[in-house]
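The block underneath contains the structure these notes are about, expressed in structure tokens.
Please treat every number below as a calculation from the coordinates, not as lab data. Since this is a predicted model, take the numbers as computed values, not measurements. All Cβ positions, glycine included, derive from the backbone under ideal geometry; neighbour counts span all protein chains shown.
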Amino acid sequence: MSHRAPSIACALVALAAGTARAATDDETPAWKLSATALAYFVPDQPDFVMLIAPVDLRRLHLEVRYNYEALRSGSLFAGVTGRWGETLRLVATPMIGGVFGDLDGVVPALRLTLTWWKLDLFSESELVVDVAAAGASFFYEWSELGVSPFDWLRFGVAVQRSRVFHTSLEVQRGLFVGATVRRLTLTLYQFNAPWTTPTWVGAVSLTL
């Protein structure tokens, strides 16, 4: 997947530089902290839990993950967030990170959220460069297209490409539904039905 590296690098540089249309620091909260635990139930493989804990200090984005790029591996990220638009709103966070544990590598990443009315498109892409074996490097993707008919309800379709687990499908695709009560969000994902035995993912998120 090394042919993706130049395009991701260009996007990181361009977004980090920002434009005059980016939102000012005064338009963003001073800080936001959240934590998410995702329980994976994969057919014929051990169940596992993935942990993600991002913190935003105005435009500065920091993030800690575990079991995200690989099992028994942690990762650290730092990036800058830019915001554009009002009715059609784009939020982009280019990041650079490192993963360590069973997998050691460098990870350029890009997170995008595009919202309009009750619709949203979320995408997180990253290129995991394995420092021990360049041929083992891979491209990771998680995308969601969601609709929120009410403030507390969101559902839609999701796609992911991961090396944390393996199925007969290289790209996992499926449906999700989530509900938010105050600062707590519960989401259930179902991937791969009817193509093969479904993979289920349950997510719990807390935002402060």
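Numbers for the structure displayed
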| read-out | value |
| --- | --- |
| Within the range 123-137, tally of residues that are loosely packed, with under 15 Cβ neighbours inside 10 Å and either of a type outside the set (A, V, I, L, M, F, W, C) or part of a strand (DSSP E or B) (or both) | 1 |
| Answer residue from the range 88-116, given it is in contact (Cβ under 8 Å) with a residue 60 or more places away in the chain and touching a Leu at 6+ places or on another chain (Cβ under 6 Å) and is nearest to Pro29 (Cα to Cα) among those | Ala92 |
| Criterion: assigned to a strand (DSSP E or B), among the hydroxyl-bearing types (Ser, Thr, Tyr) and closer than 23 Å to Val55 by Cβ - qualifying residue of Tyr189, Tyr140 | Tyr140 |
| Residue within the range 96-114 that is touching a strand residue (DSSP E or B) at 6+ places or on another chain (Cβ under 9 Å), buried (at least 19 other Cβ atoms within 10 Å of the Cβ) and part of a loop (DSSP other than H, G, I, E, B) present | yes |
| Single residue of the range 150-195 satisfying the filter (in contact (Cβ under 8 Å) with a residue 40 or more places away in the chain and surrounded by 13 or more Cβ atoms within 10 Å (Cβ to Cβ)) that is farthest from Leu103 (Cα to Cα) | Thr167 |
| Tally, over the range 153-173, of residues that are more than 13 Å from Ala203 (Cβ to Cβ) and either assigned to a strand (DSSP E or B) or of a type in the set (Asp, Glu) (or both) | 9 |
